[in-house]
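Enquirer: Here it is: the structure, laid out below.
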Amino acid sequence: MDFELTTEQKLLKNTVRDFAEKEIAPVIEELDREEMFSTDLTAKMGELGLMGITISPDYGGMGMDYLSYCIAVEELSRIDASQAATVAAHNSLGISPIENCGNTIQKQKYLPDLCTGKKLWGFGLTEPNAGSDAGGTQTTAKQDKGQWVINGSKIFITNASTEITWGSTIQAISGTNSDGRKEYSCILVENDTPGFEAKQMKNKMVWRSSNTSELYFDDVRVPEENLLGNRGEGFHQMLNTLDCGRLSIAAMGLGGAQGAFEKALKYAQERSQFGKPIVKFQVNAFKFADMATEIEAARALLYRACWLKDSGKPFSKESAMAKLYCSETMGRIVNQAVQIFGGYGLMEEYGIARFYRDQKLLDIGEGTSEIQRLVISRMIGC
Amino acid sequence: MNIAVCIKQVPDTETKVRVSGDKKWIEEGEINFILNPYDELAVEEGLKIAEAHSGEVTVLSLGPDRITSAIRSALAMGANKAIHIKTDKNPLDPMATAEALAQVLREGNYDLILLGKQAIDDDHQQIGPILSEKLGIPAANVVTKLEVSADKITAERQIEGGFEKIECALPAIVTTQRGLNEPRYASLKGIMAAKKIQIEEKIVTVPDDKIEILEINYPPEKPPGKIVGEGADAVPELIRLLKEEAKVIS
């Protein structure tokens, strides 16, 4: 068993940490307060190479493994969940399906500009009536005169309505199987297609400087060749995408937990009450011991899940476990971290409240904690 | 333009350094090592000059196996080649380090040799000037602005209370100071490209240290502050203490 990161993974960790501390930390309070997506930071993250981490260099990607990708997301999340979300959604949900399922023409057309971060791509799965129950999808795609005609709507789609968004992959009902079940297909839709509208969702509690959108399709016509992979593969493409996506949400939980822990520890070392730093009170010291232990356990679980994926072994169960555990670990840690800050923890100025708010998404997005437990329970013989 | 950058691996500034049991060194096991921040400036400057003058940057470093991570950092920033001068440990004596570096630098026919003005661990600030003496070429130290043409450099350097502008012919040595540039981040592309570069290993005769560390100690702990009282009543006593004890006012 070798727990040592490779030289490249260590360099990556250092460079992303450095970048996040110097470029993201100074501006995040304002971006969060004003609920602003930053094209400037996105461009810088693209320049660093964060927008196509696992994609093959043949298409302009970095050709790194999944663990490297998760380390990058972890380090971004240690400073800010919103920028981590922009990167994670773009990598896992935006471009991975195109690389994994797209044909050469689609890859050559889309991937180079998506990998540099010049453009962003979304992944439209969730609908107002299809959350945990992805089978409740109502958006339809019908073939007509060599085109797909799409009608319906999507909700909570990350990166889908920024100035630099190129388009989204849309899962839709494309017909009925011979056994009577709905047939799902994924179709690439560019934002400037007539009948398509992407609208930014405002007043969020979480990820305030990440872009979240509602998508509307009113007789949106795209060429037949915009079909991703084969007709009828939409459901499996979505499941595979989510297996990978869960790893990056887990990385966000881990990094967020680490960031909140460090902030709270620093505060507790500096804040004095009853004549000594509050970290010296055993009641607090034990809190930190528990937090540090949970973070190590979360990291071990996530890194092993990444290792399974990178080694070509099954990883669905472990990715669900990592997503569940890292998200909930961060939940416990931000709760304690705000407690350590006391009254100041309730003030946005101290930065820990943002971690507290941002964590809640992780229990909900890309499969709720309840759905993760369902996935895990089915895989262990329940 | 053929550019060499001498780099050193040093403990991360955020590391809590612990003195070893024999008080002769520090506990290295728990330390996160990084590329010396002043050397990062030198690498950046080398890369900028190489880009402007179609040159090539070679990084050189001397030390044990662990220093390869610092070399890889410089390669990931964009350096083209690397030479690792292998030793069991870093010499304590800047004279020994400079002699070993000079042996390798002589073979390389470099137009410009860049290095940080000092390493943040032992703070000797001597390698640049000693190399200048050994190689018989001029050195500009503590440089905050640098212009390079085909055969000479113009450098602005910090001096007490001002700046000095100097000019010298190439080949030359420049030691770098904060303000010279803003080092680039090692990009992911750079990290992957660096993976393919073979680090050349060299073994040279390193002279014995002429200095010896007798003892390493922590700085004395700050005495706790003193509260002399509260409100206006405390002011006379405070003034008396500032005059008589702290001697900061008269």
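Enquirer: Order the peptides B:199-205, A:228-234, A:34-40, B:108-114 from the highest to the lowest mean number of other Cβ atoms within 10 Å of their residues. Working shown, then result.
Expert: On the way: B:199-205: 12.1, A:228-234: 18.3, A:34-40: 15.4, B:108-114: 21.6.
Descending packing order for the listed peptides: B:108-114, A:228-234, A:34-40, B:199-205.
Enquirer: Let me ask something else. Where does the charge balance sit around residue B:158 when Lys and Arg score +1, Asp and Glu -1, over other residues with C-beta under 14 Å from its C-beta?
Expert: +2
Enquirer: Multiply the residue gap between residue B:235 and residue B:196 by 0.36 nm, knock off their C-alpha separation, and tell me the result in nm, one decimal place.
Expert: 7.2 nm
Enquirer: So if each residue of separation counts as 0.36 nm, and I subtract the Cα-Cα distance between residue A:116 and residue A:374, what length gain in nm does that give?
Expert: Going from the current span to full extension adds 89.2 nm.
Enquirer: Just want to confirm a number: the relative contact order over chain A, from Cα pairs under 8 angstrom separated by 6+ residues, in percent.
Expert: It rounds to 16 percent for chain A.
Enquirer: Another one. Taking the dipole about the Cα centre of chain A, with the C-beta of Lys and Arg at +1 and of Asp and Glu at -1, give me whichever of A:67, A:27, A:305 is farthest to the positive side.
Expert: A:305
Enquirer: Can I ask one more? Past the 26 Å Cα-Cα mark, which pairs from A:10/A:204; B:145/B:210; B:24/B:86?
Expert: Violating the 26 Å Cα-Cα cut-off are A:10/A:204; B:145/B:210.
Enquirer: Ok, one more. Charges only on Cβ, +1 for Lys and Arg, -1 for Asp and Glu: so what's the dipole of the protein assembly as shown about the Cα centre, in debye to the nearest 20?
Expert: 1100 debye
Enquirer: What is the dipole size for the range A:7-119, taken about its Cα centre, with +1 at each Lys and Arg Cβ and -1 at each Asp and Glu Cβ, in debye to the nearest 20?
Expert: On the way: 11 positive and 18 negative charges, 85 e Å.
Magnitude of the dipole: close to 400 debye.
Enquirer: Separate question: Where both partners of a DSSP beta bridge lie in the protein assembly as shown, what percent of those bridges are antiparallel, to the nearest 5? Don't jump to the answer; show the numbers that get you there.
Expert: On the way: 50 of 83 bridges.
For the protein assembly as shown, the DSSP antiparallel bridge percentage is about 60.
Enquirer: Now a separate question. So if I take the centroid of the Cα atoms in the range A:157-192 and the same for the range B:160-233, what is the distance between those two points in Å?
Expert: 53 Å
Enquirer: Order A:110-121, B:62-73 from most to least packed using the mean count of other Cβ atoms within 10 Å.
Expert: Per-residue Cβ counts within 10 Å, averaged per peptide and sorted highest first, yield A:110-121, B:62-73.
Enquirer: Compare the Cα positions of A:255, B:113, A:235 along the charge dipole of the protein assembly as shown (+1 at Cβ of Lys, Arg; -1 at Cβ of Asp, Glu; about the Cα centre) and return the one farthest towards the positive end.
Expert: Of the options given, the answer is A:235.
Enquirer: Length gain on complete extension for the stretch residue A:142 to residue A:178, per 0.36 nm per residue less the alpha carbon to alpha carbon distance?
Expert: Length gained, residue A:142 through residue A:178: 11.3 nm.
Enquirer: Less than 20 Å from a label point 7 Å out along the Cα-to-Cβ axis of residue A:151: which backbone N atoms in the range A:191-206 qualify, by residue?
Expert: In the range A:191-206, the label zone of residue A:151 (backbone N under 20 Å from the point 7 Å along Cα→Cβ) covers A:193-198.
Enquirer: Calculated FRET efficiency, residue B:247 and residue A:276, Cβ-Cβ r, R0 25 Å, to nearest 0.05? Please report the intermediate quantities before stating the final value.
Expert: Details: r = 31 Å, r/R0 = 1.23.
My answer for the efficiency is 0.25.
Enquirer: Tell me which of B:191, B:142, B:132 sits at the most positive position along the dipole axis of the range B:2-202, charges placed on C-beta atoms (Lys, Arg +1; Asp, Glu -1).
Expert: Comparing the listed Cα positions along the dipole, B:191 ranks first.
Enquirer: Over the range A:236-379, what is the mean sequence separation of C-alpha contacts under 8 Å (at least six apart), divided by residue count, expressed as relative contact order in percent?
Expert: 34 percent
Enquirer: What is the list of residues in the range B:96-134 whose amide nitrogen lies under 15 Å from a point 7 angstrom out from the Cα of residue B:210, following Cα to Cβ?
Expert: Residues passing the 15 Å test: B:96-100, B:126-127, B:129-134.
Since every read-out is calculated from the coordinates, none of them should be taken as a lab result. These figures come from a predicted structure and were not determined experimentally. Cβ atoms come from the backbone with ideal geometry, glycine included; neighbour counts cover every protein chain shown.
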